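Notes to accompany the following structure.
The values are calculated or read from the model by the stated rules, or taken from the named source; none is laboratory data. Just so you know, these numbers come straight off a predicted model, no measurement behind them. Quick reminder, even Gly has a Cβ in these numbers, built from the backbone with ideal geometry, and neighbours come from all protein chains shown.
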Amino acid sequence: MAALSLVACASNPADNWIINTNPSLPREVINFPQLGQVTKGELGRTLAAWGVRSERPAIELLEPWQYVEESTLMAAVTFKAGIGPLSATATHKKTNETWECFSFDYVRGNNWLIDDAGLPSAGKADLCRRGNEFKDFGHLLIPDSPNRRPFDVEFVETAVEDFNAPTDVQEFVYNGRVGDAVKFVYREFKNNYARPAFTQDVQYDLSQSDEIGFLNLRLRVLEATNTSITYVVIQNFVSD
């Protein structure tokens, strides 16, 4: 972890902690709309989707936070405002207290002593949270450091899509109507990217039937214009 380089004293402080840099993430199950429900969609909107994707918990700092005051011993290190995704968990071996750590961009002051220690002037550092308490990763390992400033900035809890976790999502998108023909785009997302080989344009003739299907998906068109559609999903891509 980049934040380990911010620790200025104590021998092997990480020996007291179990650091997990690959925490388990919640997986979101996508399955909409509800079967049999009259639903209205617009041009370019997804009408039906099924699959799973992973989300990574995150903290958004609404303003920068400087956690070490300027001194000749340690540079002032400032976490930039923005979203920091969950990067690790730290569990103390004796107390079993567990902290969630979130990765943020940081910048530091130009103190010459810390320059010799090799700390980059900018990079990634971890802000760790347990309940309503926050500490930078270095001062989590050395909690009695006199230079630590309290966490005193506004934040919100959020989540970001995890681009490194397995993803498998199928979508059916409305693409308009010309005469009796209604058009759709089928998309498959693998690991959060739509691959060209799994994107397909399809078209159906409403004069033949108001029920259309693609793979396992079945839906009935109640009304369609070039900008909107009212429909009922009979069966999604994967049936319950």
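For beta carbons closer than 6 Å, sequence separation of 6+ or different chains, a first residue in region 29-50 that is free of Cβ contacts under 8 Å to residues at least 40 places away in the same chain and a second that is part of a strand (DSSP E or B) and surrounded by fewer than 15 Cβ atoms within 10 Å (Cβ to Cβ), the qualifying pairs are VAL29/VAL52.
Note on region 198-212: residues that are assigned to a strand (DSSP E or B) and closer than 16 Å to ALA224 by Cα total 6. Among the residues of region 204-240, write down those that are among the aromatic types (Phe, Trp, Tyr) and closer than 14 Å to LEU35 by Cβ. Once the filter is applied, which keeps residues that are among the aromatic types (Phe, Trp, Tyr) and closer than 14 Å to LEU35 by Cβ, region 204-240 yields TYR231, PHE237.
Every residue, every condition in (1) modelled with pLDDT of 95 or more; (2) in the same structural domain as PRO64 (by TED's automatic domain parsing); (3) out of contact with any Cys (no Cβ under 6 Å at 6 or more places or on another chain), yes or no:
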site	(1), (2), (3)
PHE102	yes, yes, yes
LEU113	no, yes, yes
LEU119	no, yes, yes
ASP126	no, yes, no
GLY138	no, yes, yes
